[in-house]
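One structure is given here, and the rest of the page talks about it.
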Amino acid sequence: MIIKEEIIGQKAEQKTEKLKDKKDKYEKIKPQEKQSAYEVFKQNKSAFYCCLFYAAGLLLGALLLKKTGTDSSAQIILSLSQGDFSRLLVNNLGFYFLVFSLTLFLGICLIGFPIINAVPLIIGFQTGAQVAFYYLEYGIKGFGFSLLMIAPFTAAFLTIIINTASLSSQLSKKIYEITRGKDKGDGIEYRDYMKKYILYALMTVLAAVINAGITAALRGIISL
């Protein structure tokens, strides 16, 4: 009798394990529920704010150039797309690392997280001023030039800055919470943050090199 009870118990356990395995497989196969618009916004809040400030910068740069455009501003804008590869590279690296350094600096500030997402306003202002200048000076041809020679590189750099801003926002908020005693965790893993910052810095350099290289190569083909 004891042996029979043990056999019955083993069979029951096997059935239970099989049912559990089937349940686990079903849960893996089961499609995930669609997230609401608010949940999507909450998860990507930093990116949404960055895009919003970038759009505001575009509008501000275009309107300001249209109302207060001067010969000096025209020369500055033209210089951004003129010159040999080395000159273009220096111009790009100077502007790119100015924005990148500002984003990184705000990340290590105690109260940097409320304003980090406004950094793309600078990129939008520069892009808006450039597009407005080429459109006002050359019409549709100038707008087409902007789409081919400005928009792709701006989009690439903006993507890097949005990711950097998201990382800096997390770090700054973490520093703030620890300082205020709200975070009782293990502290901040600065090594992980540094690895990501170094990666974004290398991507910034690569974006500047590609921008300068393609602009210098296509300048003779695509001209106004």
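The values are calculated or read from the model by the stated rules, or taken from the named source; none is laboratory data. It should be emphasised that the depicted structure is a prediction, and the values quoted were computed from it without experimental measurement. Cβ placement follows ideal geometry from the backbone for every residue including glycine, while neighbour counts extend to all protein chains displayed. With ligands, DNA and RNA removed, areas are computed over all heavy atoms of the protein, side chains included. Shrake-Rupley method; radii C 1.70, N 1.55, O 1.52, S 1.80 Å.
Filtering K45, K66 for residues that are in contact (Cβ under 8 Å) with a residue 24 or more places away in the chain, open to solvent by 80 Å² or more (accessible area, probe 1.4 Å) and charged (D, E, K, R) leaves a single hit, K66. Would you call L89 open to solvent by less than 100 Å² (accessible area, probe 1.4 Å), modelled with pLDDT under 80, more than 24 Å from A118 (Cα to Cα) and part of a helix (DSSP H, G or I)? Criteria not met by L89.
Yes/no matrix, rows are residues, columns are (1) closer than 13 Å to T204 by Cβ; (2) touching a Cys at 6+ places or on another chain (Cβ under 6 Å); (3) buried (at least 19 other Cβ atoms within 10 Å of the Cβ); (4) of a type in the set (G, A, S):
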position	(1), (2), (3), (4)
L104	yes, no, yes, no
F113	no, no, yes, no
N117	no, yes, yes, no
A129	no, no, yes, yes
Y135	no, no, yes, no
K141	no, no, no, no
A155	no, no, no, yes
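A55 fulfils the conditions (1) over 15 Å from V131 (Cα atoms); (2) touching a residue at least 40 places away in the same chain (Cβ under 8 Å) except for a single criterion, (1).
Loosely packed, with under 15 Cβ neighbours inside 10 Å and of a type outside the set (K, R) - does that describe any residue in the stretch 165-176? No, the stretch 165-176 contains no residue that is loosely packed, with under 15 Cβ neighbours inside 10 Å and of a type outside the set (K, R). Just one of the listed residues (K182, K196) is open to solvent by 60 Å² or more (accessible area, probe 1.4 Å) and assigned to a helix (DSSP H, G or I), namely K196.
I'd like to check something: does the stretch 130-137 contain any residue that is part of a helix (DSSP H, G or I), among the hydroxyl-bearing types (S, T, Y) and in contact with a Gly (Cβ under 7 Å, 6 or more places away or on another chain)? Within the stretch 130-137, one or more residues are part of a helix (DSSP H, G or I), among the hydroxyl-bearing types (S, T, Y) and in contact with a Gly (Cβ under 7 Å, 6 or more places away or on another chain).
Number of residues in the stretch 58-85 that are outside any loop (DSSP other than H, G, I, E, B), among the small types (G, A, S) and within 26 Å of the chain's Cα centre (by Cα): the value is 2.
In this structure, G94 does not qualify as over 14 Å from L171 (Cβ atoms), of a type in the set (G, A, S) and part of a loop (DSSP other than H, G, I, E, B). Among the conditions (1) modelled with pLDDT of 60 or more; (2) open to solvent by 70 Å² or more (accessible area, probe 1.4 Å), the only one that S36 does not satisfy is (2).
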